[in-house]
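Taking it in order: structure first as structure tokens, then the write-up.
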Amino acid sequence: PVKKRASKDSKNATVGGIALSHPDRVYWEDAGVTKRDLAEYYKDVWTWMAPHVAGRPISLLRCPEGASGQCFFQKHAAAGIATEHLHLVPEKGDKIISVDNLGGLLSLVQAGVLEVHTRGTTVDDRENADRLVFDLDPGPGTTWKDVVAAARDVHERLDALKLKNFLKTSGGKGLHIVLPVAPTPWNKAKEFAQALAQAMAADDPDLYVATATKSKRKNRIFIDYLRNSREATAVAPYSTRARPGAAVSTPITWSELGSLKGADQYTLLNIRARLARLRQDPWAGIGRIRQKLPNA
Ligand code: ATP
Ligand code: MN
Ligand code: MN
């Protein structure tokens, strides 16, 4: 059942100082979420999201017709995106984007952006990684329990190396483990991520696979370490997904993992209630960690 909201019946709306065209356009039909709802959501969560997004190159998934229409993945400033509130930086003949304030994020909503993805690096220091991501991708034939066990495995391996690590739902099917590091050259960061994924696959070849080969992913969790390169991205914490139910990629604590029902448990509709209940940021302190990777 889709909850009806009071329609303001206007051609335009302004949220956070940004004008929205077609504010009542439905972006997620199954959840009854409109473009205006999306803008209001980001206005409410920006203070949670900003530390993980501001100052980083982003990619955008634009879906002008909403989540069930055709979407376009864009890595650069492009037609239809107002850039007044965005930070643009030239790179290889294009302009990469970073969003450093709420106005910037809302101007992305105006441009039909349903997902924001970030690189594991800052705009100012792009040759170095400062966040690694282990993206756990469940193959066909696996269960949610398998995904949870895989996340715990990554967690324990990183803990054993005395590396603090953080967990979020993808808003899709899997989980992401985020490892903040002191600025580390990309070749070294990539090597470390690959070595960890390969060690898991070597120790439990029936459970894990560390190569992207589709046929090998049946009944296994793919430890996708390929997010860890200079230009690769992963969905940003608190970004919505252009997937059923307006799911949101949601930071959680490791102690919440056991009761998590799935990677799409938190959505634009229920995450604000979660945030209001929280006594502490699940990712508290992540921005201050400057840990050094051991040699692969
Ligand atoms: P799930 O949990 O369902 O796997 P996910 O966000 O981890 O969700 P993946 O398919 O594992 O999805 O990851 C895809 C990643 O690849 C995205 O995080 C995105 O940053 C990046 N990417 C690169 N090119 C594209 C593209 N054309 N469309 C979507 N994502 C892309
Ligand atoms: Mn994934
Ligand atoms: Mn993946």
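The values are calculated or read from the model by the stated rules, or taken from the named source; none is laboratory data. These numbers were taken from a predicted model, which means no experiment stands behind them. Positions of Cβ are generated from backbone atoms using ideal geometry, with glycine treated the same way; all protein chains shown enter the neighbour counts.
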Flag for S59 being small (G, A, S), surrounded by 19 or more Cβ atoms within 10 Å (Cβ to Cβ) and part of a strand (DSSP E or B): yes
When residues of region 149-163 are limited to those that are at negative phi and of a type in the set (K, R), the one surrounded by the most Cβ atoms within 10 Å (Cβ to Cβ): R157
Count of residues meeting criterion [in a loop (DSSP other than H, G, I, E, B) and under 25 Å from P57 (Cβ atoms)] in region 227-268: 17
Filter pass, K173 being within 30 Å of G32 (Cβ to Cβ), surrounded by fewer than 20 Cβ atoms within 10 Å (Cβ to Cβ) and within 13 Å of ligand 2 (Cβ to nearest atom): yes
Close pairs (7 angstrom Cβ cut-off, 6 or more residues apart or separate chains): of a type in the set (S, T, Y) in region 133-155, not in a helix (DSSP H, G or I) anywhere: T142/N219; T142/R220; T142/I221
Qualifying residue in region 97-118 (condition: touching a residue at least 40 places away in the same chain (Cβ under 8 Å), closer than 20 Å to P294 by Cα and more than 16 Å from ligand 1 (Cβ to nearest atom)): no
Residues that are within 16 Å of ligand 1 (Cβ to nearest atom), of a type in the set (K, R) and under 23 Å from D125 (Cβ atoms), drawn from region 169-199: K190
Test result for P90, within 16 Å of ligand 3 (Cβ to nearest atom) and surrounded by fewer than 15 Cβ atoms within 10 Å (Cβ to Cβ): no
In region 132-141, the residues that are crowded, with 16+ Cβ neighbours inside 10 Å and either more than 16 Å from ligand 3 (Cβ to nearest atom) or farther than 19 Å from L226 by Cβ (or both): none
Unmet criterion (only one of (1) without any contact (Cβ under 8 Å) to a residue 40 or more places away in the chain; (2) closer than 25 Å to A13 by Cβ; (3) in a loop (DSSP other than H, G, I, E, B)) for R36: (3)
The lone exception for S215 - which of (1) assigned to a helix (DSSP H, G or I); (2) polar (S, T, N, Q); (3) at pLDDT 95 or above it fails: (3)
Conditions (1) more than 19 Å from the chain's Cα centre (by Cα); (2) assigned to a helix (DSSP H, G or I); (3) crowded, with 19+ Cβ neighbours inside 10 Å; (4) within 15 Å of ligand 1 (Cβ to nearest atom); number of the one not met by D146: (3)
Flag for A202 being more than 27 Å from S98 (Cα to Cα), outside any strand (DSSP E or B) and within 13 Å of ligand 1 (Cβ to nearest atom): no
Some residue of region 251-265 being touching an Asp or Glu at 6+ places or on another chain (Cβ under 9 Å) and surrounded by 18 or more Cβ atoms within 10 Å (Cβ to Cβ): yes
